[in-house]
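Colleague: A single structure is presented below for examination.
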Amino acid sequence: MKLATLKNSTRDGRLVVVSRDLSRAVAVPQIAGTLQIALDNWSNVAPKLADVAAALERGEVKDTFAFDPARAMAPLPRAYHWVDGSAYVNHVELVRKARGAQMPESFWTDPLVYQGGSDDFLGARDDVPVPSEEYGIDLEGEIAVITDDVPMGTTRTAAFDHIKLVMLVNDWSLRNLIPGELAKSFGFYQSKPATAFSPVAVTPDELGASWQEATVHRPLVVHVNGQPFGQPNAGVDMTFDFARLIEHITLTRNAKAGTVLGSGTISNYDRSRGSACIAERRTLEQIEQGKPATPFLRFGDTVRIEMFDDQGRSIFGAIDQKVVRPG
């Protein structure tokens, strides 16, 4: 099934079930008013939501309305826990190579993650406010999963069953602020503004054969200012699948229902597929040409991130945003 959260007068919006073709939706207040409420009671609520989704496909649901992605918030407009990984280690290796830094061998066996801000997620069509173009504005195309309650010490084998929903992500980054923050050895903060998510979150079964071993085996299609930028395949070169990432983040702590876990920038060794962030393209230009040529984003620039099935139909809807001045 496919779920979305529509804007209303509250911070957490209104949960709706969306048709498979993303054309129609229906509110389900009798089941769960918000996605967080649904996740808190997933074992009881999910079958009821699935029944509505099935009836919606059969045309048996009353009170449906046209689904408008512009009215959608992030599926979880705010979350108790947002943790982002760097599961495509070749991306990390590439960026380090550009600055002449060796990558520790442990990066191939021990996942990299950081905990980001989760109180202010952006909807897929929301403008992206940034104080200055000098900060080095960059997109990062990713996939994320949402979990139910995951107990401390969960193994990779057990983690599969805790993945309840899948989304697309634009994990915006301010590249020129990152070096100074990392130099403090205390992680990202100012360099990571609000993260954006696809209009719709889907259950893994919606992905069919494209969902294998907690990995989405489909290209992520990225456009910048209406021009193709990349379509790296999310199922290729993912060093750590989502189950392994869940095992990692629950080594010493619980991950409560509504935890959002990102993959990190999708990246392939096959560079002909393009990139899902500007920093990677600039790194390749640095290596091949001696200096980067692609500029970071400026006010008025647009980014579109989407994923399609074998029939060319959008699975999650598109993240389609413009960079703007605040206010």
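Colleague: Looking only at region 159-178, which residues are more than 21 Å from Leu207 (Cβ to Cβ), out of contact with any strand residue (DSSP E or B) (no Cβ under 8 Å at 6 or more places or on another chain) and open to solvent by less than 80 Å² (accessible area, probe 1.4 Å)?
Modeller: Leu177, Ile178
Colleague: I'd like the full set of residues that are modelled with pLDDT under 95 and of a type in the set (Gly, Ala, Ser), limited to region 135-194.
Modeller: Those that are modelled with pLDDT under 95 and of a type in the set (Gly, Ala, Ser): Gly180, Ala183, Ser185, Gly187.
Colleague: Okay, moving on. Collect the residues in region 298-327 that are open to solvent by 80 Å² or more (accessible area, probe 1.4 Å) and either among the hydrophobic types (A, V, I, L, M, F, W, C) or on the phi > 0 side of the Ramachandran plot (or both), keeping them in residue-number order.
Modeller: Correct list: Gly327 only.
Colleague: As an exercise: evaluate Glu60 against (1) open to solvent by 60 Å² or more (accessible area, probe 1.4 Å); (2) under 26 Å from Leu122 (Cβ atoms) and give the number of the one condition it does not meet.
Modeller: It is condition (2) that Glu60 fails.
Colleague: Restricting the search to region 1-22, which residues are in contact (Cβ under 8 Å) with a residue 60 or more places away in the chain, part of a strand (DSSP E or B) and among the basic types (Lys, Arg)?
Modeller: Result: Lys2, single match.
Colleague: Separate question: Condition first: touching a Pro at 6+ places or on another chain (Cβ under 8 Å), small (Gly, Ala, Ser) and within 16 Å of Lys2 (Cβ to Cβ). Now tell me which residues in region 39-94 satisfy that.
Modeller: Ala72
Colleague: Being crowded, with 20+ Cβ neighbours inside 10 Å and in contact with a His (Cβ under 6 Å, 6 or more places away or on another chain) narrows it down to one of Asp84, Asp148, so name that one.
Modeller: Asp148
Colleague: Return the total of residues in region 271-297 being of a type outside the set (A, V, I, L, M), over 22 Å from the mean Cα position of the chain (by Cα) and surrounded by fewer than 20 Cβ atoms within 10 Å (Cβ to Cβ).
Modeller: Qualifying residue count for the region: 10.
Colleague: Kindly establish whether Ala293 is farther than 30 Å from Leu39 by Cα and either free of Cβ contacts under 8 Å to residues at least 24 places away in the same chain or small (Gly, Ala, Ser) (or both).
Modeller: Here the answer is yes, as Ala293 does meet what is asked.
Colleague: Follow-up. Can you tell me which residues in region 92-118 are under 26 Å from Val200 (Cβ atoms) and either open to solvent by 70 Å² or more (accessible area, probe 1.4 Å) or not in a strand (DSSP E or B) (or both)?
Modeller: Across region 92-118, the qualifying residues are Gln115, Gly116, Gly117, Ser118.
Colleague: Six or more apart or on different chains, Cβ atoms under 6 Å: show the pairs whose first residue is in region 55-67 and closer than 14 Å to Arg20 by Cβ and of a type outside the set (D, E, K, R) and whose second is at pLDDT 95 or above and in a helix (DSSP H, G or I).
Modeller: From region 55-67, the pairs are Val61/Ala55.
Colleague: Here is a follow-up. Would you be able to say whether some residue in region 121-129 is more than 22 Å from Val324 (Cα to Cα), modelled with pLDDT of 95 or more, under 19 Å from the mean Cα position of the chain (by Cα) and crowded, with 21+ Cβ neighbours inside 10 Å?
Modeller: no
Colleague: I want to confirm something. Restricting to region 179-203 and keeping residues that are touching a residue at least 24 places away in the same chain (Cβ under 8 Å), out of contact with any helix residue (DSSP H, G or I) (no Cβ under 9 Å at 6 or more places or on another chain) and not in a loop (DSSP other than H, G, I, E, B), which single residue is surrounded by the most Cβ atoms within 10 Å (Cβ to Cβ)?
Modeller: Phe197
Colleague: If we scan region 278-294, do we find a residue that is closer than 23 Å to Ser23 by Cα and out of contact with any Cys (no Cβ under 9 Å at 6 or more places or on another chain)?
Modeller: Scanning region 278-294, I find no residue that is closer than 23 Å to Ser23 by Cα and out of contact with any Cys (no Cβ under 9 Å at 6 or more places or on another chain), so the answer is no.
Colleague: Also, quick follow-up: Given the residues Ala25, Ala32, Ala50, which is the only one that is in a loop (DSSP other than H, G, I, E, B) and open to solvent by less than 70 Å² (accessible area, probe 1.4 Å)?
Modeller: Ala32
The values are calculated or read from the model by the stated rules, or taken from the named source; none is laboratory data. Quick caveat: nothing in here was measured; it's all calculated off a predicted structure. Note: ideal-geometry Cβ built from the backbone for every residue, glycine included; neighbour counts use all protein chains shown. These accessible areas exclude ligands, DNA and RNA; they are computed on the full protein's heavy atoms, side chains included. Shrake-Rupley method; radii C 1.70, N 1.55, O 1.52, S 1.80 Å.
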